Structures are given as C-alpha cells and as structure tokens.
1. Positive end of the charge dipole of segment A:347-437 (Lys, Arg +1 and Asp, Glu -1 on Cβ, about the Cα centre): tell me which of A:GLY417, A:ALA355, A:ALA433 has its Cα farthest that way.
2. As an exercise, use a Förster radius of 41 Å and the Cβ-Cβ distance of A:ARG115 and A:ARG158 to find the FRET efficiency, rounded to the nearest 0.05.
3. Choose one of B:VAL293, A:LEU82, B:TRP376: the residue whose Cα lies farthest towards the positive end of the charge dipole of the protein assembly as shown (beta-carbon charges +1 Lys, Arg; -1 Asp, Glu; about the Cα centre).
4. What is chain A by shape, rounded, prolate or oblate, if you read a ≥ b ≥ c off the alpha carbon gyration tensor as root eigenvalues and call it rounded for a/c under 1.5, prolate for a/b larger than b/c, and oblate otherwise?
5. Which whole-number percent gives the relative contact order of segment A:173-240, counting Cα pairs below 8 Å spaced six or more residues apart?
6. Gaussian network model of chain A, Cα springs within a sub-10 Å range: biggest mean-square fluctuation belongs to which of A:ALA362, A:ALA254, A:ALA90?
7. So if I take the centroid of the Cα atoms in segment B:215-240 and the same for segment A:198-261, what is the distance between those two points in Å?
8. Using a cut-off of 14 Å between beta-carbons, work out the net charge of the residues near B:SER116 (Lys and Arg +1, Asp and Glu -1, B:SER116 not included).
Amino acid sequence: MNEGVYGFVSIDLPPLLAGTLACVTCAILGNYLVLRRMSLMGDAISHSVLPGLVIAFMLSGSRDPLPMFVGATIAGLFTVGLVELLRRYARVEPGAAMGVVFSVMFAMGVLLLERGAGRQVDLDADCVLNGVMETMIWFPPEEAGSLARWSTWVSLPRQVWTLGVVLLVVLAAVGMLFKELRIVAFDPGLATSQGFHAGLLNTLLMVLVACATVASFEAVGSILVIAMLICPAASARMLTDRLWVQVVLSVVLAAAAGITGYLLGAYAPTLLGLPAAVSASGMITVVAGVIMLLSVLFAPSHGTVARRFRRVRMSLRVAREDLLASLYRAEESGAAARAVASRPVDAIVLRRAIARGQVRLANGVPALTDRGRDVARGIVRSHRLWESYLVERGGLAPDHVHGTAMRLEHLTDSASGARFEPPQPDSPTDPHARPIPPR
Amino acid sequence: MMAVLAAILDSFGGRAGHNTAVVLAGTMLLGVAAGVVGVFAMLRRRSLMADALSHATLPGICLAFLLATAVGSDGRSLAVLLPGAAATGVAGLLIVNWLTRATRISEDAAIGAVLSVFFGVGVVLLSVIQALPTGNQGGLKGLLFGQTATMHAADAMLLGVVAIASIIAVTLAFKQLGLVAFNDEFASAIGVPVRAIDLLLMSLVVMVTVSGLVAVGLVLVVAMLIIPAAAARLWTDRLRTMAVLAAVFGGTASCLGVLASSRLDRTPTGPSIVLAAGCIFLLGMIGAPRRGVVAGLGRQALVAARVHADHALRSLLASPQDPRPIGVVLPPGLIGRLARARLRRLGLVRVNGSMIVLTPEGEAEARLAERRRRLWERYLVTHAEVAPSHVDISADAIEHVVDPEIVARLEAELAADDARRVRGGADA
C-alpha cells in the first residue's frame, strides 16, 4: 500500500465506517419514533444511558463491552418505564415527565463520572456528548493486498464491529416485523384490536433504540445519536408518503450525511487553512441538519416552497377566472368593459389571460375572445347554479349567497380538471332572475 | 443577608467569603425564578421547548466568543456570551415554531432536530476555537455543565437582577398567564391577548435559561425549569400554591447544589442542582397525597379489600349459619386483613379465633351483593351481548363499581321476566 492510502485506511476508515454505521442504524429506528411522535424518547434514552454505562463499569471493573452494553440497555429501559410510570400514575405532563427523568439520570451519570469512575474509565462528560471518533485508529498489516483478506478486517476497532452487529439485528427485527411496526406506528389502537400487542412492540422498539444508542454513542457521541434518530427520518417523511420508501430514503440520507460530514470535518478545515480538523460528529450533525432543511424547503409535494408555489398559482387562476367572469357579465348587460388593470397583480393576471388566448385588447380595453367566452360562460354558469342551489336547497336568503358562490365557482375536480357543478335547479333562472348560461 | 449566607457557608466548613455568598444568593434567586416560570411553561406544554432553546445557545456562545476575540476584547465575559446565547437560542425557538406550523413535521421531531443540529454546529465551532492559536475555550466548557466556582460577584448580581425581574413579571401577569395556560380559547374569548402572553412566557423562559447557563450549564438548565414545576404539580391542583411550591423547590435545589459543589471536590454545580431537584421530586412522587405512589397503592389496596370483602360475603352465604375458617374465604396478607377489618367495622361478620361467620346484617348484605351480581350477569348476556361463558368474569368485576340506584334502574328495565329468572336462580 502506498503511504497516502495507508494513512486513509488507518486513520479515516474506522471512524468513517463507525459514523456511517451509527447513522444508518439510528435512522432506521428513527422512522418509527418520528411517526409515533416519540422522537424525544430517543433524546431521553441517549442522555440517560450514561449512568448505566458508568455503574456497569464500576461493577465489572473493566471496559469490557458486554457489561457496559447490558448496563446501558437496562438504564434505557428503566427510563422508558419511569417516564410511563410518571405519566400514567403520577399524571405528570408527558414532556415534563421525560424532562425530569432524563435530566436527573444524566446529572447522576455526570456526577459519577466526575467523582471517581471517570478517572479509570477514561470517559468524560465531554466525550459522552461528542464521541471519540477522532481517536479510533486501526493498524492493518502494511503489505500490499492485506485488505483483501478477511483476517485483516477482523482487527478493526471494536466499536465498528459492535455497530455492525447492532445494525444487522435492527435490520432483521425491522425486516421481520415491518407490517406489525407499521400498523403500530400509524394506529396503535387498530393494532391492538387486530391482535398485535402494541405495548410489546413498543417495548421491542425501545430495546432496539436503547441498543442502537449505546452502540453508537460510544463511538459518535449522544448529540449525533439524537440528530440521526430524528433528522434523516423527518427529511424522508417530507419526501414521501410510503413507509418503506421513507425507511430506504432515510438510510440513504443518513449514509450520505455520515460520509459527507466526516470527510468535511476531516479535510475541509485544512483546505480553508485552519490548523486542525473540526469535530467530525458535529460536522455530520450539521450536514444532517442541512439535508433536513433542504428537504423541508424543496420537497416536491410537501416542501414549503412547493406549497407556496401552488398557492400562488391557484390564486392567479382564481383571479384570472374572476376577470373572465366579469368581462362576460359586462357583455351580457351590454355595458362597456372597463379597463381592469388597476393593481399591479391585475396586469399580471391580464397578461396571463391574453397569453392563453382568452382575452384580447381592443384599443386598450380588454374583451373576451371566443375561447375566453366559452370558459367564462362555464364560470358564470357554475356561479349561478351555486346561487340557486344555496337558495333552493340550502335555505339561504338570495342576497346572502353571492360571496359563497364567488368561492364555489372556482371548484374543479382535481383529477379531471372539470368544473364542479351542483345539481340542476328547479327554476331556469338564478335567484336574481338572471339566466343560467348553457354548458 | 450576605453576612447570614456567609455564616451558613462557614458552618459547612467551606472556604466561604463574600463572593461565595453572593454567588449562592444569585443562584438561589434564579432557582426561584426558574421554578415559577417553569410552572407556566409546563402547564402550557412548552417544557421541552426550553430544551431546544438551551441546546441552541451553544453556537451563539461560540460565535460571540469568536467575534469578541477577533475585535480584541475578552471573549469570556458574560456580557459578551449571554447576548450571543440568547440570539441563537431564540433563532432555534423560531425554527421549531416554523417547522411545527408550516410543515408536516410534528413538534417533538422539530424540537429534537433543532436541539441536535444547533448543538452540532456549536460543537464544530468549539473545535474550531480549540484549533485557533488564540483559542482557550476553558471559560466556554464551564457553560456546558455549569461552574459557579469561577463566577464573579458581578455575574451573580446579573443573575439576581434577571431572576427578580422575571419574578416581578410573573406576579404582575399572574392571572393572564394562568388563564392562557389552562384554557387559551377561553382566555382569548374574554379578551386576554393570548399571543402577547405567550410571547411574555417565552421571553421569560429565554431569560431564565440563558442566565441559568452560567450556574447549571446548557445541557441541564432545562431541568431547573421542569423539575421544580413538576414536583409542585404532584402536591397541589391550585395554581397559586403550585407557583409558590415550585419557587421554594427551585430555590432549595439551587442552594443545596451550590453548597455541595463548593464543599466537595470535582462536583460540577449543574448536576448537583439537578440531583437535588430530583430528590425533591422523588419525595413528592412517594409522599404526595393524591398523585404519590404511597397514596396510590393505598387506594388500590382499599379497592381490592372491598372487592374481597364482597367475595367473602357471597361465599359465606352458601351456609349462612356455619362458621368457616378465615383462610378459606379471604386471601392471606394485607389485603385480606383490610377486608376482614372492613367487614367487622360494618358489623357484617363475627370472628371467633380463626373462624368467621355472618351476622344477620351480614346475611342481608350478602344477599344484596349476590342479587347485584346476578342482575349484572343477566344484563351483560341480554343487553351487552357478552357470551354466557365470559359473563362471570365481567360481572364479577363490574358488580363492585355500580351504585344501588343503577341497580334499581336495571331492575326496572329488566322487568318481569328477569325478576322471575332471578328469583328462580336464587331458589335453585
């Protein structure tokens, strides 16, 4: 191996792998937390596993992964149980119940660390928040071709292997219970009535979250865990309405955030002339946040920009239809058409109507073309039909229906685009004795 | 007052002086203010908003530090750091608000996302500061977990002023805050400016959180808002009492935390204060009269005793005159003893040694209980369409919750044929 590649494999590859595995594992589970509106449970668990880790260390006296894993998982489940207990039996408001439990547990963990255990465990509160990604180093054999052998990979840092195993477990559980988890995520009541034990599935989900949290935060820190439980799933939820698409998308986004974030953290500062790399887990979190912001803004159907765009387009359509209808009424009564462009938006509306060949300008005064007259007749017909309907069937006074009809006349069927029509009235004219134009 | 506090501190054997006393006073006042403000934040269901807010202050703190260092002034003075903290904290709150209102992302996900992403930005900035040649982030690390040891008297004065201002604001707007917290629609119907009051509440939360950073640290400052309020909620349903209790709890927790932190080595202030508050909450959880665990278990035991007493009456009815061993009709243990005490208190049974027998009143009562049970059985089969094989379980559970009037109405409803069946059943 040449020196550059060896440097990358030994210094960057382990944290890159650990970060990406952690991101993907958390993101998969995050989908269910976000859908069940329990995102902050991930937050609570990732804070309160700390005392579990420390106590397990103090009891076992080593940094052996298994006791710490068990301790942290117990602490995580204890948190879930305690929150539920407070909520149900002491009737504490859910947010507050979570806040009480996780802050006290975290405080206990920090104190235990600072007052003794931290000296031997070489953990401190800071590395709990930020992880130890930067210190993961791997020394594979240097000869060429060693990376092709399985035995080389076995010597990867322990955190990477732990994360790999947890990811497999999570994948297996979610894969096998996809249907059950889906029904519980969307409608726990229905799930129970169908014979799935919603409470049991919920506990299983919490066990998985606790495992994923423990395995990840040893490597990447609790802040990244919280971000990964929420951001990729929330971003994916902006992009799709189908659960399996959402899960796959969240995995892709999480992996993208993990890889880009790590590389940015490791290399971008040097390019910018800063002396050292910046926090990798912080950078991954930032990238995940940027991805979420982009999908919130630019998601095709649920994004805020798309929604704003649809609103503007609809109000322009309504204004154009109002213009056509008023020109039709002017023709009908024989009055001279007035110049309608008084506000700036009216000019835009007029231009759009002309561009569609519905209106032409005769000596600066707008007039309907034949095509425009057809459309306008449909609108006025719909308006007068609605007025008749509201008076005859709705029992409203004739002088109260105009405003409502002004809005209803714009209703179209979203599939065919045809204008929606109320049933034919009994009388041939509208309540103001004006004729209802033919279709 | 300072002299008194200094004397108290001296009695704990600490290296107390005027400075420590001022710090203690400032932190206590802040605890009081956080407790009071926290009550309204909790009732308005904004508790965890404060979590997003406090984590979102980190990038502001770092940016303020970087800016101040760039223009050559002391980046570690609170006068520089706190405005920066407030700026990004409020930005975080606004984003949570926007995400919840304008997108399909629910509030919990919005809070979690803002909390972690803003904190991530802060962590990146911290590592940048560390890498700078001029960078010494020692003063900033203190803001993560709180360190009153390095606090100056002037900083503590600042805390005190903020705390007193918040307490005064809450006192003045007490009625409006309470109305909005419990029923915002009613409040707006009678002319309370709900948006303005919400704005006031959130500004108070921002003020308390940002100044609390110094004492408790930004990871745990949210606990000062939540725990005293939740603890006070356990003891009372009255708003005024709740606010006073939360103030007392908050002040006590801060005081204990600061004392422990100044007296013991390697004990950061924030976690100590939070643990002290946690102990206060635990006391309430165990001992509170209506929501406490002890009271809850007591109520459960009394209900169980009533149920077992009824069962005992019915099983004694099989042979009303014969004494039976107590162990056969009542379960062992506390519940059985409570049930026996209940039956004797009401004069329904006589106990001779280990034998128990119905009194005449007891026999009458037992017949009533048996009748209620059969009525329900009947009702469940004919009206609620419960399968006959399941009905015994349901009837068993339900006969203890109905009062005699409902039984009377049932009897009227079930009319003649039911009455015949019940009589037939009783004869058989």
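Please treat every number below as a calculation from the coordinates, not as lab data. For clarity, every value in this text was computed on a predicted model and none was experimentally measured. As a convention, Cβ positions derive from the backbone with ideal geometry for all residues, glycine included, and neighbour counts pool all protein chains shown.
1. Value: A:ALA355.
2. Efficiency, rounded to the nearest 0.05: 0.90.
3. Farthest towards the positive end: B:TRP376.
4. Judged from the Cα gyration tensor, chain A comes out prolate (a/c at least 1.5, a/b above b/c).
5. Numbers: 22 pairs, mean separation 10.1, N = 68.
Answer for segment A:173-240 is 15 percent.
6. A:ALA362
7. Result: 30 Å between the Cα centres.
8. On the way: positive: none; negative: A:ASP43, B:ASP51, B:ASP108.
That sum, taken over residues with Cβ under 14 Å, equals -3.
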